[in-house]
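Notes follow once the structure below has been shown.
Here, each number is a calculation from the coordinates, and none is a lab measurement. Everything quoted here is computed from the prediction, not taken from an experiment. Cβ atoms come from the backbone with ideal geometry, glycine included; neighbour counts cover every protein chain shown.
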Amino acid sequence: MFPLTSKLLYHSPIKGLRNFMRAAEEFNKYCLGSYKRYLASYDPQTRHDLIARMVNERTALTKQGQSIPRHVTERGIVDELSNLVFAGTDTTGNTLTYLFYDLARHPEWQTRLHKEVVDAVGEQASPDYSLIQGLPALEAVVQEIFRFRPASPDGLIRVVPKGGAVVDSVFVPAGTLVSSQALSTQRDPTIFPDPDSFNPQRWLDAEGTENIDLMREQMLLFGKGARSCLGRRLATMEIKCALAAIARRYKVEIGSAETDDDMQMIDHFVLIPKGQRCVLRLTRL
Ligand code: HEM
């Protein structure tokens, strides 16, 4: 952010903007603290994550007496951490919110998941990912929520490179801004019949047929290509683990007469529920 713009926004007469700037500052402090804690226990022999790569790059450049590019300065690394937390929080959290809401409306899938998970993990309180990763009903439910409620529903703009491109037999000149967005692509009735219904069974029925490749190809929620979502596997793992843990132990029901209205989808860049809440009732099985 440009420093002057940042200062102006901080003192803006609009309360929402001032709150946003203060929240961003708090958030940055949190990320800086996390980075310092990370460095305090940093061991290059055992750490092989993204931040370790950045720290190692900076160490090597320092040893060679070279100047440090911004992306591996302390500020650059802390910005990277903030980006990861921003990118991974509301997307995953709101997907889980819609997932439990849609399951509350489809108790038959809760019954199916409960049986599948209990058979696979027994009494384990926090099921090990290796035991649940490939469970068919769990996979179908997660794919269906990704299709039905894509956390990032908007078109993300790309610029057509030099020489132009041919898309679906249409020539698009270089420099044209293009995008496609997940919400409508993933509700294309020619690929997903009855697209406005939450129906995990469609994934199970398609398995082993050529339709499954078409369906997977049509899924845009994580983007496509070289700049697609870095955290898609982490997000999928988190969602499957949370779903298995809840399905094993709880029955989930709609908890308020307002829940259906609250859960109408609003495109806020990230998909959010209109009421900004989801009241559900969980009962121990
Ligand atoms: C359900 C959860 C998630 C959804 C739907 C989602 C969706 C997306 C989308 C649509 C993009 C842009 C792709 C493009 O421009 O073509 C993206 C990028 C990215 N996501 Fe996610 N994301 C999720 C979770 C996460 C998590 C958990 C993390 C990391 C902790 C993460 C980190 C990133 C990063 C770093 C990028 C930028 C990649 C790049 O520009 O090279 N995301 N994500």
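For the chain, what is the charge dipole size about the Cα centre, in debye to the nearest 20, if Lys and Arg each add +1 at the Cβ and Asp and Glu each add -1 at the Cβ? Numbers along the way, then the final one.
Details: 35 positive and 34 negative charges, 278 e Å.
With Lys and Arg at +1 and Asp and Glu at -1, about 1340 debye.
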LEU280 long-range amide H proximity, modeled H, under 5 Å: GLY255
From phi via Karplus (6.51, -1.76, 1.60), per-residue ³J(HN,Hα) for segment 42-56 in Hz, x at Gly/Pro: 6, 9, x, 6, 10, 9, 10, 9, 4, 5, 4, 4, 5, 4, 5
Vicinal HN-Hα couplings computed from phi for segment 78-87 (Karplus, 6.51 cos²θ - 1.76 cosθ + 1.60; Hz; Gly/Pro x): 5, 4, 4, 4, 4, 4, 5, 5, 4, 5
Karplus-derived HN-Hα couplings along segment 225-242 (A = 6.51, B = -1.76, C = 1.60, θ = phi - 60°), whole Hz, x at Gly and Pro: x, 4, 9, 6, 4, 6, x, 4, 6, 4, 4, 4, 5, 4, 5, 5, 5, 5
Which of ARG58, ARG227 has the fewest Cβ neighbours within 10 Å, and the rest in rising order: ARG227, ARG58
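For the chain, what is the relative contact order in percent, using Cα pairs closer than 8 Å and at least 6 residues apart in sequence? Write down the numbers at each step before the final one.
On the way: 310 pairs, mean separation 52.9, N = 285.
Normalised by residue count, the contact order of the chain is 19 percent.
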Amide H partners (placed H, <5 Å) of TYR250, local residues excluded: LEU285
Mean Cβ neighbour count within 10 Å, used as a protection proxy, ranking 142-150, 72-80 highest first: 142-150, 72-80
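Assigning unit charges at the beta carbon (Lys, Arg +1; Asp, Glu -1) and nothing else, what dipole magnitude in debye, to the nearest 20, does segment 1-118 show about its Cα centre? Show your work: numbers first, answer last.
Working: 16 positive and 12 negative charges, 81 e Å.
Magnitude of the dipole: close to 380 debye.
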Cβ-based charge dipole, segment 72-202, positive-most Cα from PRO173, GLY76, LEU135: PRO173
Other-chain or far-sequence residues with amide H under 5 Å of SER152's (modelled H): LEU271
Unit charges on C-beta of K, R, D, E only; dipole of segment 168-231, Debye: 360
Choice from ALA125, ALA24, ALA245 showing the highest fluctuation, given a GNM over the chain with Cα pairs closer than 10 Å: ALA24
Of LYS7/LYS29; LYS7/LYS274; LYS115/LYS251, pairs whose Cα-Cα distance is over 21 Å: LYS7/LYS274
